[in-house]
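What follows is a single structure, written as structure tokens, with notes after it.
Each value in this text was obtained by applying a stated rule to the coordinates, not by laboratory testing. Small disclaimer: the values here were computed from a predicted structure and weren't measured. Note that we place each Cβ from the backbone using ideal geometry, even for glycine, and neighbour counts take in every protein chain shown.
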Amino acid sequence: MVVLSGGESTEREVSLRSGEAVREALEAATHDHGWAGKVEPAVLEADGTWLWRGEPWTELAAVNALEPETTVFLALHGGRGEDGRIQAVLQSAGIRYTGSGPAASAICMDKRATRGVLMDEGIVVPPARLVHELPADLDGRARLQQDLMDLSPGGDGWFVKPNSGGSSVGIARVRDSELLLPAISEVHRSGERALVEAAIQGAELSVGVIGEVGVDLRPLPPVEIRPKHSDWFDPSEKYDEHDGAQEVCPPESVSADVDERVRQAAIKAHVSTGCRGYSRTDFIATSDELIYALEVNTLPGLTARSLLPLEAASAGMSFESLCLEILRLAGR
């Protein structure tokens, strides 16, 4: 069994921590759970090579060297590790791997595509617009700015996001409409399209789903995210192990009805986007109990600060058991 982490995305460091945590958990499982497996770590470099067995391999050579019975535990986040490309390579070689397949991975990495699937299933998402490029003329820019202002008539502002980014990296929280176009331009400079989304005020909830569709698919308890120093779950709130956001599981500030509705919405999001094995969907629940879905994560983090292990623990599942369950649900 190979644990693959790293990658070229802005989430590389998080991925490396996930990979290390998974490797340690599976090695411990050989003693605590009687799992009879051997764990080999591998690191995906920015140029696509694998650092494996003490040397660099081209992706093709590494995949061809895998034994047919090998399972690759994908601890990758973002980029080609989560957008379906790695999944397609492994699938074409007949190698088992954890998480969703190429199609679902590609859909969920594309925020606009995910929104379309969710809306087709009746799941509400915040008003948003994808901006491919800024108009060159002043009149065009003024019209675009007005259109974006109309997304948030309540005055709560906007989030400007890379359409294919993750872990809140590159996201700008914008409250002044005059700063919208500069924020969009910043996203464009990174090579991404910009998704401008109305900010929704409410409790931020995240719900993991695990199991096999039609067999034992089940939601985990929602976790409520309470930032300490910001009004949103920015990277510092997300990854500061000492002073980051408070994460409460199960949630305390939403009703039992909202709790149940976000669990069912997470199941629907998982199934409608074609996810496999496990996923995590993020929501906002407003004070009047409206629920908005934000995104679906096909390879959620598995670090000490990650949400999915916290939810699993609340459901009585140890981190070792969670990793073994993800491994059991792997497919080709």
Among 329, 26, 44, what is the fewest-to-most ranking by other Cβ atoms within 10 Å? 329, 26, 44
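May I ask you to sort 275, 249 by Cβ crowding, counting other Cβ atoms within 10 Å and putting the fewest first?
Values: 275 25, 249 20.
By the 10 Å Cβ count, ascending, the order reads 249, 275.
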How high is the relative contact order of region 128-198? Use alpha-carbon pairs under 8 Å, at least six apart in sequence, and give a whole percent. 46
With the Cα gyration tensor of region 173-219 giving a ≥ b ≥ c as the square roots of its eigenvalues, does the rule (a/c under 1.5 for rounded; else a/b larger than b/c for prolate; else oblate) give rounded, prolate or oblate? oblate
Taking the dipole of the chain about the Cα centre (Lys, Arg +1; Asp, Glu -1; charges at Cβ), the one of 264, 254, 49 that reaches farthest to the positive side is 49
[x] 34, 24, 17; [y] 41, 33, 19; [z] 39, 24, 18, with the label sought being that of the calculated semi-axes √(5λ) of the Cα gyration tensor in Å: [x]
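Based on the Kirkwood radius over alpha-carbon pairs, what value in µm²/s does the Stokes-Einstein equation return for the translational diffusion coefficient of region 2-99 at 25 °C and 0.890 mPa s? It would help to have the intermediate numbers written out before the result.
Details: Rh = 13.5 Å.
It comes out at roughly 182 µm²/s.
Average projected area of the Cα convex hull of region 128-198, in nm²?
Numbers: hull surface 17.0 nm².
That works out to 4.3 nm².
In what order do 298, 49, 114 fall by count of nearby beta-carbon atoms within 10 Å, going from fewest to most? Walk me through the numbers on the way to the answer.
On the way: 298 29, 49 16, 114 24.
Fewest-to-most Cβ neighbours within 10 Å comes out as 49, 114, 298.
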Fluctuation leader among 89, 209, 223 - the chain, Gaussian network, Cα springs under 10 angstrom: 89
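Pairs 38/268; 161/228; 38/228: which are spaced more than 32 Å apart, C-alpha to C-alpha? Write down the numbers at each step before the final one.
Details: 38/268 35 Å; 161/228 22 Å; 38/228 41 Å.
Over 32 Å Cα-Cα: 38/268; 38/228.
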For the chain, set up a Gaussian network in which alpha carbons nearer than 10 Å are linked by springs, and say which option among 191, 19, 116 fluctuates the most. 191
Debye intensity ratio I(q)/I(0), log10, region 34-183, q values 0.17 Å⁻¹ (C-alpha model): -1.00
